[in-house]
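Structure first, commentary second.
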Amino acid sequence: MKGKAIEILNDNWRGGFTIPCQGLYPFQWSWDSGFIAIGLAHFNMGRAKKEISTLFDAQWENGFLPHIVFHTESETYFPGPEYHRADLHPKSSKRSISTGMTQPPVTGFVLRELYRIAKDKEDILLFIEKVVDRVYANHAYFYEHRDPNNEGLVYIYHNWESGTDNSPLWDDIFASMGSPALSFQRKDTDQVDLSERPSKREYDHYLHIIEIAKRYNYDDKKIAEFSPFLVQDPLFNAMLIKSNQSLLDLYSMIGHNQEKIDQLIAWQEKSIKTFNEKLFDEELGAYVHYDLRNERPLKYVSSSSFSPLFAGIPGQKMADKMVRTLLDRFGGEDHYLCASFDRTNERFNPKQYWRGPVWINLNWMLYSGLKDYGFKDIAERVKNDSIEMIEKAGFYEYFDPRKEIYGKGTKGYGGNNFSWTAALIIDLLNKD
Ligand code: DGY
C-alpha cells in the first residue's frame, strides 16, 4: 500500500509542487499541498520542503495565501485564472497567478509535522527558520482582515475557502442569496459523474460570490460588508488555532521571537475562548458553523464539527459529549467513519462530494484528535476504516461510508490517484 502511495505522489509531482490529481485538479491547491508535504516528508524531505516553499512563493504582500496557484495553463479546469482575476487586488503577488480566495490555514501545523517526521532535526529547523515568518504573516492577515468584530474568530467569504465545497451546511445561505442563473462551461463533469459533484445551481452560487468579490477588487473590508456568504467555520478556525500552537512550539525552539510569541498567546486565548462560547452547541453536542452575514448558527453536525479535537479546543467533558454525537450520528458498525455530514439528516448523500462521503484528510485529523483526548479505540477504528476503504476501493478523493456497497470492483468517488489520500495514508501507516 505504501509503495502505491509513493508511486501516486511521484506521478503527481510537477517539479516544484504536486497536483491533487490529474485532469480534475491540474494546479497547486494550498491545503492539499500542506497535507501532501506531510506524506512526502516520510520518503523525500527535500520535496516536502520544496512543496511548501513553492506555495509561499505565491503569498501576497499582505500575508494572504491563495487557494490555487496557477503554475501552468490547463484546458481541464474551470474557473481558471482569467475568471478569478486575483490581480484586481493591489497586493496580490506580482510573481504568481492565483485565485483571490484562501483555504484552511494548514501551513503552521504542517511545519510542526515536518519537524516531527524529520530524522535530521537540525536541518529541518534551518528550513523552518526560513519560512516560519511567512506563516506568521498569514495568521496576522487573518486576524487583521477577517475578524471584523474583533472576536478572535475569522470568517470565510466563499464555500471554497472552507474546503468542504458543497456541504449541505451552505444550502440555507445559498437559498437566501438570489444568485442569477449563469451560463458557463464546466470541466469537472467531463471527468467525474455529476452525481458525485456539485450541481449546476450550486456553481451559480459559487460564481456569484466571486463576481461580488471582484466587483470590489477583493477588498476585505468591502467583502465583509457586501459578500452574501460570510461564515465562521469551526474547521477553518480550528486549523488556525492548531497552527498558532505549532508556531508557538516552533518559535520556542528557534528562540529570539518574544514579540511574536506574546502575540500568538494573545490570539490563542481570545480565539479559544470565543470558539467555545460561540460555536459549541450543547443540544447537538458538537461545534457548529456561524453564519455571520445573517447572524445565526447553522445547526448541523458535519465532520468539521469534530475538528476542534485536533486543535485541543474543547475541555474533556465537551470532548466526551462530542464522541457520543459522533457515534450516534456517524458511527454504527455498518458504516465507515467518518461521513462528512450527519447521516441522520435528510440532506445526507453518501455519494456526493462533501454531502456525505468520507474524506481521508478529515479522518487524519479526527484520528489524531481522538487519540489526544484518550479515545484510543475509536481512533484506531478511524485509522483502520481509512486503510480498508482505500484497500477495497482505491486511492480515490472520497469514499462511500456504507459498508454494504463494497464488493468486487467497488470504486471510490471523484478523482483517482488522489495525492492527499496517498500522502496521509503514508503518515497514518507510520503512526501507532
Ligand atoms: C473545485 O474546483 O472543486 C475545487 O475544490 C475548488 O477549490
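Only the coordinates and a few stated rules stand behind these numbers; no lab work does. Note that this is a predicted model, so its numbers are computed, not measured. Methodologically, a virtual Cβ is constructed for each residue, glycine included, from the backbone with ideal geometry; neighbour enumeration extends over all protein chains shown.
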Considering each of Leu240, Leu248 in turn, give the residue that is touching a helix residue (DSSP H, G or I) at 6+ places or on another chain (Cβ under 7 Å) and surrounded by fewer than 20 Cβ atoms within 10 Å (Cβ to Cβ).
Leu248
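To keep it simple, each residue is scored yes or no on (1) part of a loop (DSSP other than H, G, I, E, B); (2) of a type in the set (Lys, Arg); (3) in contact with a helix residue (DSSP H, G or I) (Cβ under 7 Å, 6 or more places away or on another chain); (4) crowded, with 19+ Cβ neighbours inside 10 Å.
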residue	(1), (2), (3), (4)
Trp267	no, no, yes, yes
Ser271	no, no, yes, yes
Phe275	no, no, yes, yes
Leu284	yes, no, yes, no
Tyr300	yes, no, yes, yes
Pro308	no, no, yes, yes
Ala311	yes, no, yes, yes
Lys321	no, yes, no, no
Leu326	no, no, yes, yes
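So that you can scan it fast, the table gives a plain yes or no per residue for (1) touching a His at 6+ places or on another chain (Cβ under 8 Å); (2) crowded, with 22+ Cβ neighbours inside 10 Å:
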| residue | (1), (2) |
| --- | --- |
| Leu65 | no, yes |
| Val69 | no, yes |
| Gly80 | no, no |
| Asp87 | no, no |
| Ser93 | no, no |
| Ser98 | yes, yes |
| Thr107 | no, yes |
Does the range 1-46 hold any residues that are assigned to a strand (DSSP E or B), surrounded by fewer than 24 Cβ atoms within 10 Å (Cβ to Cβ) and within 14 Å of the ligand (Cβ to nearest atom), and which are they?
Tyr25
From Asn166, Asn237, Asn150, Asn159, which residue is in contact (Cβ under 8 Å) with a residue 24 or more places away in the chain, of a type in the set (S, T, N, Q) and away from the ligand (no atom under 13 Å from the Cβ)?
Asn237
I'm trying to understand the selection: among the residues of the range 334-355, which are at positive phi and more than 16 Å from the ligand (Cβ to nearest atom)?
none
Which condition number in (1) surrounded by 12 or more Cβ atoms within 10 Å (Cβ to Cβ); (2) within 14 Å of the ligand (Cβ to nearest atom) is the one that Gln185 fails?
(1)
Of the residues in the range 79-105, how many are within 20 Å of Arg215 (Cβ to Cβ), within 11 Å of the ligand (Cβ to nearest atom) and in a loop (DSSP other than H, G, I, E, B)?
5
Quick check on this structure: which one of Ser246, Ser227 is touching a Phe, Trp or Tyr at 6+ places or on another chain (Cβ under 7 Å), within 19 Å of Trp160 (Cβ to Cβ), touching a residue at least 60 places away in the same chain (Cβ under 8 Å) and polar (S, T, N, Q)?
Ser227
